[in-house]
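Here the structure comes first, spelled out in structure tokens, and everything after it is commentary.
None of the figures in this text is laboratory data; all of them are computed from the coordinates on show. On a predicted model such as this, the values are computed, not experimentally measured, just so you know. Don't worry about glycine lacking a Cβ; one is built from the backbone with ideal geometry, like all the others, and counts go over all protein chains shown.
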Amino acid sequence: MQNQMRERQTAMQIAWTREFLKYFGAFYGLAAVCLTAGYEKNAGLLSPILPLSFVFAYQYDMGYGTLLQRIKG
């Protein structure tokens, strides 16, 4: 019974991550385009892209990658 509840909780977490990734991916793409367009005037505008890339990569790995299998292992 506990194993079934744990599997449901994991499935719910993956589903939430995939849903979040849709919205964050849209935000990330729009931010990357806008910040790159403003790069000509101010070079410091590209700095937020790096941490946003790490967050996007982590969320993608959680939703569609093997992060949970690596954590269990």
Report summary line: Counting only helices (runs of 4 or more DSSP H) entirely within the chain, those with at least 1 residues that are more than 14 Å from the chain's Cα centre (by Cα) are 2-37, 67-72
Query raised in the report: Does segment 48-73 hold any residues that are surrounded by 11 or more Cβ atoms within 10 Å (Cβ to Cβ) and farther than 18 Å from residue 19 by Cα, and which are they?
Result: 48, 49
Query raised in the report: Has segment 20-39 got at least one residue that is surrounded by 11 or more Cβ atoms within 10 Å (Cβ to Cβ), touching a residue at least 24 places away in the same chain (Cβ under 8 Å) and in contact with a Gly (Cβ under 6 Å, 6 or more places away or on another chain)?
Result: yes
